[in-house]
Amino acid sequence: MDSRTRVLISSVRKLMRRGAFKNIEKIVCRAHTADVASLLESLDSEERQQTFKLVGPAERRSEVLSYLPEDLQEEVLRTLPKEEIQTLVAGMDTDDVADLIGSLPEELSQSILKSLVKEDQEEVADLLRYSQDSAGGIMNTEVLALRDDLSVSDAIQSIQNHESDSLVAHYIYLINKNSNLVGVLSLKELLLSRPNRKLTEVMSPDVIRVRVDTPAKEVAQIVEKYDFLSVPVIDENNELAGVITVDDVIDIIREEAQDDLRALGQVASIEDDFSFWGQLASRLPSQSLIFVGGMLSFLVAYWLLSLMDRPLWLASLGFLPALLGLAQLTASQSAAVALSMIREGELHRRVISEHLLTETGISSLNGLTLALLLGGASWLAFGDLQVSQILAGIAIVQTITIALIGNLLPILLATLKVNPRVGTISLLSVVSGVTSVTLFIGAIRLYYGVAFV
């Protein structure tokens, strides 16, 4: 989060505590709509509804709404009367409306779709046919396209007469009488050309384009490679269907980076089910794999001690590799989610508290699952219920403790203006290892009354 947004959030919070809503209205009406959206994300539900009403005219509120994440868009819209929803949606670009409708419950999305004028309904319906991970799913249908048989002066006149405020005009795409894409030129090239020249004389016929079914990640690679501000999208008939702009590509790159970061921590990606249960399910396979490896270590220790005629209680140390491995994995998974949240600039009080509550719930259920597995394995090995209970207790306490540390440490470093991606992993390796060993040795020593020195 940049300093500009932090100042805005801090100022509005102070005014909100004083009930100075007139002053808040003046601030949010002057602030950039993207900053206002960040402000709304930092507020609780009631404060968000109050502040959204102060944003200004419908056109400005539509823009703020388009910047909000999907869950908050739904929350805001559900509290508004039908007529106001129709007004707000009418002021949004068709690609934003398509994204919004695709994420809302069926009843609300159908209501919004029916409220649009017929032309917009058709455009949104066309966009909804495509996957959100494809070029067709992220393109903007408002594109500056001119006939290739126009002169330069006619082309300039046509652009001046265009009424759309949302027109994407980084480049001018030229089409023939069949709407096939045949050329491209920049606005600079158009303005510097002689008025009587034909567009076919100044255009570039070699147009780098993508199809509506091209994966979004491939589109991002093309824009990055050629330093484009936008790239045209064609359908199966080579007709110009829309355009993808660099801001859409930035969103793709950011989501891909988020997914890579979460993949390193072996947690659910943005494209997967990122609900509470989705996150829980995504973490269990890797934890189960480490548990199986730990059990193999235990069996080796148990077998060697039986051959050496040593006390078999020492075999309980064979569970330590499993606990250490699970501690490291829990720390990395928790840190991956926290770092992802920080990268998105979501260090708001509301977001952090909700995040920690969710992570505590996930770690508790993970700890309970691992406790049952460890407790069951130790009971089968020793036939001692109390030892099983001790190991199960260690698993639960360790998982919850290290999960909270893994989440809080990156947030603390970010708050202290220290790059959390640099110090988090090394610090967590030490902390998780020390925590795991301390809990294990302490519990075993208390039960057996054995000093390890």
So, in segment 10-69, how many residues would count as being acidic (Asp, Glu) and in contact (Cβ under 8 Å) with a residue 40 or more places away in the chain? 2
Test set (1) in contact with a His (Cβ under 9 Å, 6 or more places away or on another chain); (2) aliphatic (A, V, I, L, M); (3) surrounded by fewer than 16 Cβ atoms within 10 Å (Cβ to Cβ) - residue 9 fails condition number: (3)
Considering only segment 322-337, I want to know if a residue exists there that is surrounded by 14 or more Cβ atoms within 10 Å (Cβ to Cβ), modelled with pLDDT under 75 and out of contact with any His (no Cβ under 8 Å at 6 or more places or on another chain). no
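Every residue in segment 213-238 that is assigned to a loop (DSSP other than H, G, I, E, B) and touching a residue at least 12 places away in the same chain (Cβ under 8 Å), please.
213, 214, 228, 229, 235, 236, 237, 238
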Among the residues of segment 188-212 satisfying the criterion of being without any contact (Cβ under 8 Å) to a residue 24 or more places away in the chain and out of contact with any strand residue (DSSP E or B) (no Cβ under 7 Å at 6 or more places or on another chain), which is farthest from residue 156 (Cα to Cα)? 206
For segment 393-439, give me each residue that is of a type in the set (Ser, Thr, Tyr) and either touching a residue at least 24 places away in the same chain (Cβ under 8 Å) or under 27 Å from residue 377 (Cα atoms) (or both). 399, 401, 415, 424, 429, 432, 435, 436, 438
Find all pairs meeting these conditions: Cβ atoms under 7 angstrom apart; at least six residues apart or on different chains; first residue within segment 82-93 and on the phi < 0 side of the Ramachandran plot and among the polar types (S, T, N, Q); second residue part of a helix (DSSP H, G or I) and surrounded by fewer than 20 Cβ atoms within 10 Å (Cβ to Cβ). 86/115; 87/58
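The values are calculated or read from the model by the stated rules, or taken from the named source; none is laboratory data. Quantities reported herein were computed from a predicted structural model and do not represent experimental measurements. Every residue, glycine as well, gets a Cβ built from its backbone with ideal geometry; the counts of neighbours run over all protein chains shown.
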